[in-house]
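A.B. asks: Below are the structure tokens for one structure; questions will follow.
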Amino acid sequence: MKQIYYAIQNIIRGKDSTIIKVVSLSLGLFISIVLFALVGSQLSYDSFYQDNEDIYVVQTAWDNGKGMNKPSPYNIYPTGQTLMEHFPEQVESSTVINLWVVNEYKHGDEKHIIHTIKSDSLFFQTMGIPLLEGNAKDLTMPDALFLSQSAARKIFGSDNPIGKTMLYGGKLEVIIKGIFADIPENTTIHTEAILSINDGNPRLNWTSGGNYMTMIRLKKKADADFINEGTKAVFANYLPINDYYGEMGIKGIDISITPLKGYHLQNEDTRAMIFIVSLLGLILLLAASFNYALISISSLSHRAKSIGVHKCSGAETGSIFGMFLWETLFVVGMSVLVAIFLIMNFRTFIEDLFFVSMDTLFAPSNLWVPALAIGVLFIIGCVLPGKLFSSIPVTLVFRRYTEGKKRWKYPLLFVQFIGTTFLIGFVFIIFLQYHYIMSKDLGWSAEHLVYTDYQFGNPQNGLSNLRNLPYVEGAENAQSIILFAYQPNSIKDNNGNILFYPRVNLANADFCRLIDLKLIEGRFHTREGEIIVNKQFVRKMGWTTNGIGETVSEMGTVTGIIDFSFPNQREPEAFCMQWSNNESGINCIHARLKEPFEENLIRLNEKMKELYPQEDIIFKSVRWHLQSLFEDIRSFRNAVMVACIAILTITLMGVIGYTNDEVRRRSKEIAIRKVNGAEVGNILRMLCKDVVIIALPAVLIGTLASKYVGELWVSTNFRDILAISPLIYIGVGIVAMAFILGTVIVKSWRVANENPVVSIKSE
């Protein structure tokens, strides 16, 4: 009890130091706990499913005549059923899933967006998802709908939804047949609603193409190898190679299964994200821990006598260590409470930042991750200072303690300076790359351009109404938004082998002019049978000419070459714009508005409600859509910026604490130097010298680390990479050094200008 009493007394007496410690630790814990919770949610992916080690993902690799490509989780529709039939002793159940469905529902006059998939009656059994109400066999009915518990509560409140109807996709009336347990976001198959996959699609057979996810549940994990060895012989008898797939150049397929557990971590981008986020969290945690130790050690000189008194009164080394342990425990406890308060009050900000709900981040199965972070912080913050405090000799009651502090302070500052420089450099790289990708010339102009997905019954009438509005510069139609295009056809060589699948959009030359599409060579297409293509299309065709005048089978003759690519694709894709007269079923209207853009966009949508009161026509900014393609990058940028601000604050407190202690310890020396003629600049250089010796190698290491991790992040997320000049990294080092030395100079300025008599007379 005495240890606890003295610990509390020390906290109260050193309240200024305690406040700095709590603020520093709270900031570090707040950010690092969230980051580590995000890592924990990734590492626990798919742990929600019951007996998840028995669930396997079915993969298909396609042979296009050039060898098998990479296995994909998308399969031909009957793949799972075929595995069940041919391996009845190994496969307990299988389910097929269609992810490519709309998410729009209407209940009465209310519209709802509910994340939806289509599946069959074996979905719940195979995936191990608890069915709370209803019969899974009802998923054989074409109009059956199963809702998650939270979705049902959101739509129907406390009413029982079973048997009630909703309008799906504006056309199909569906009946709610069951309620299932909420599926967390860190799952491969995350959904809020399940529709019957038996929707009358005539291609739910071997000609469906590779568009369906298939999951199977095995009776024994050891059966996986047996199945993988036997699939080739089984599926060779089913695939219609000679007619349907043969016409597309497919020579065969290879079916395999892989465990769902750990499947998420096979993705290279996911592993890179986990590494970077873990590194950020670790840097913040170590910075906060070492800063606490640094501030504690800095107080050693003025606490040494009191510890000597404790030892004179009979306190042993273990008792002194225990007293400091309790002190650390109280400070860390207060910091944890502040961090929890910040997490709860910044809930919306955190969810928007990471696109993950707090329930997923801090699920009971993930709580060990933040608990481990708190434990590491406590051990580091307690052991180093506690060991020093408990080793203070009794003789310090009679003399002043000035020995052996720097030995511990310098390594702690060194680690903080590395982390600070790393985050400053990483933020620089992220900001530069994001600005580059958002301001890059797309080969067309997104400024003041808007679009709508609404399917007009009479597109020409809709275009006419738009063109008559005074704030609309022009309006044209295309098959899809310019940022997206379909891949409807394959391009084959003279022997019928598939070369590639280009993305294709349908529009006329007026649409190209509306979006300011830039021609490299040739002219826009003006009649049926004419196309324009990008440079990637020309390269994949292997043409030795510039491409103008070349003919592409079933598509048309090339009249122009454009410098066009999709900004969010990791690899450049071949693109073709086919001629269309705007009356051939295409229906994605684009319009360019006059200034002021935001006001005119609001006016346009209000006018649509007036002209089409029964419809839901909404025009959206193409620039907004472009930014949404990189929303995860923007959020990650903001997260790193928050982490950078946190570590700058923590390091600032650490440097201030170090400088205050140095000024206090060397105040007499400074006074004597001034009496002997030293100027302000000499005093400041003396105090900065030791810091510079620590900071220079730390800043160099931090800069190199930011370069390595920054390049890893950029190469993982972008195709178009900004070449960063070495001057940028030199600038990072200068900024970090300026921050560190600026803090020392500001804190030392008063004592450097102080009358030396003030320090000398206290002696």
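The values are calculated or read from the model by the stated rules, or taken from the named source; none is laboratory data. Here the structure is a predicted model, which is why all the values come from computation and not from measurement. So basically every Cβ, Gly included, is an ideal-geometry build from the backbone, and we count neighbours across all protein chains shown. What goes into the accessible areas is simple: the full protein's heavy atoms, side chains included, and nothing from ligands, DNA or RNA. Shrake-Rupley method; radii C 1.70, N 1.55, O 1.52, S 1.80 Å.
A.B. asks: Can you name every residue in region 122-163 that is of a type in the set (D, E, K, R) and either crowded, with 16+ Cβ neighbours inside 10 Å or on the phi > 0 side of the Ramachandran plot (or both)?
C.D. replies: Residues satisfying the conditions are Glu133, Asp138, Asp143.
A.B. asks: Let me ask something additional. Assuming Thr258 fulfils every condition listed in (1) closer than 30 Å to Ile645 by Cα; (2) at pLDDT 85 or above apart from one, which condition is it?
C.D. replies: Here Thr258 meets the rest and fails (1).
A.B. asks: Shifting gears a bit: Please return the ranges of helices (runs of 4 or more DSSP H) entirely within region 291-367 where 1 or more residues are open to solvent by less than 30 Å² (accessible area, probe 1.4 Å) and at pLDDT 75 or above.
C.D. replies: 317-345, 347-354, 358-361
A.B. asks: From the list Gly710, Gly742, Gly733, which one is within 22 Å of Thr420 (Cβ to Cβ), surrounded by fewer than 16 Cβ atoms within 10 Å (Cβ to Cβ) and at pLDDT 85 or above?
C.D. replies: Gly742
A.B. asks: Inside region 140-164, can you point out the residues that are in contact with an Asp or Glu (Cβ under 7 Å, 6 or more places away or on another chain) and farther than 18 Å from Asp182 by Cβ?
C.D. replies: Scanning region 140-164 gives Pro142, Asp143, Ala144.
A.B. asks: Please state which of the following conditions Lys540 fails to meet, knowing it meets all the rest: (1) modelled with pLDDT of 90 or more; (2) part of a helix (DSSP H, G or I).
C.D. replies: (1)
A.B. asks: Search region 507-528 for residues that are over 16 Å from Leu483 (Cβ atoms) and pair each with any residue that is part of a helix (DSSP H, G or I) when their beta-carbon atoms are under 8 Å apart and the residues are at least 6 apart or on different chains.
C.D. replies: Final answer for the pair search is Ile520/Lys535; Phe524/Ala509; Phe524/Cys512; Phe524/Arg513; His525/Ala509; Thr526/Ala509.
A.B. asks: Ok, one more. Restricting to region 205-229, and then to whatever is at pLDDT 80 or above and open to solvent by 60 Å² or more (accessible area, probe 1.4 Å), can you tell me which residue is nearest to Ile255 (Cα to Cα)?
C.D. replies: Filtering first and then ranking leaves Glu229.
A.B. asks: Just checking: which of the strands (runs of 3 or more DSSP E) contained wholly in region 57-118 hold 3 or more residues that are surrounded by 14 or more Cβ atoms within 10 Å (Cβ to Cβ)?
C.D. replies: 91-97, 104-107
A.B. asks: Select from region 418-443 the residues that are open to solvent by less than 10 Å² (accessible area, probe 1.4 Å) and either within 19 Å of Phe566 (Cβ to Cβ) or of a type in the set (Lys, Arg) (or both) and write down the one among them that is farthest from the chain's Cα centre (by Cα).
C.D. replies: Gly443
A.B. asks: Take the residues in region 16-45 that are open to solvent by less than 10 Å² (accessible area, probe 1.4 Å) and touching a Ser or Thr at 6+ places or on another chain (Cβ under 7 Å), then tell me which one is nearest to Ala371 (Cα to Cα).
C.D. replies: Leu29
A.B. asks: Do any residues in region 250-277 that are without any contact (Cβ under 8 Å) to a residue 12 or more places away in the chain have Cβ atoms under 7 Å from those of residues that are in a helix (DSSP H, G or I), where the two are at least six apart or on different chains, and which pairs are they?
C.D. replies: Arg271/Leu265
A.B. asks: Something else about it: Would you mind stating whether Glu476 is of a type outside the set (A, V, I, L, M, F, W, C), in a strand (DSSP E or B), over 30 Å from Pro697 (Cα atoms) and open to solvent by 20 Å² or more (accessible area, probe 1.4 Å)?
C.D. replies: When the stated conditions are applied, Glu476 passes them.
A.B. asks: Run down Val58, Val91, Val34 and say which single residue is more than 17 Å from Ile189 (Cα to Cα) and at pLDDT 90 or above.
C.D. replies: Residue meeting the stated conditions: Val91.
A.B. asks: What are the residues in region 573-593 that are modelled with pLDDT under 80 and either open to solvent by 50 Å² or more (accessible area, probe 1.4 Å) or not in a loop (DSSP other than H, G, I, E, B) (or both), if any?
C.D. replies: Within region 573-593, Asn581, Glu583, Ser584, Gly585 meet the criteria.
A.B. asks: How about region 479-536: which of its residues are open to solvent by 10 Å² or more (accessible area, probe 1.4 Å), assigned to a loop (DSSP other than H, G, I, E, B) and among the small types (Gly, Ala, Ser)?
C.D. replies: Ser490, Gly496, Gly529, listed by residue number.
A.B. asks: Further question on the same structure: Being of a type in the set (A, V, I, L, M, F, W, C), assigned to a helix (DSSP H, G or I) and open to solvent by less than 10 Å² (accessible area, probe 1.4 Å) narrows it down to one of Ile647, Ile656, so name that one.
C.D. replies: Of the residues listed, the single one that is of a type in the set (A, V, I, L, M, F, W, C), assigned to a helix (DSSP H, G or I) and open to solvent by less than 10 Å² (accessible area, probe 1.4 Å) is Ile647.
A.B. asks: Give Thr140, Thr126, Thr188, Thr165 a once-over and let me know the one that is more than 30 Å from Tyr238 (Cα to Cα) and hydroxyl-bearing (Ser, Thr, Tyr).
C.D. replies: Of Thr140, Thr126, Thr188, Thr165, the one residue that is more than 30 Å from Tyr238 (Cα to Cα) and hydroxyl-bearing (Ser, Thr, Tyr) is Thr165.
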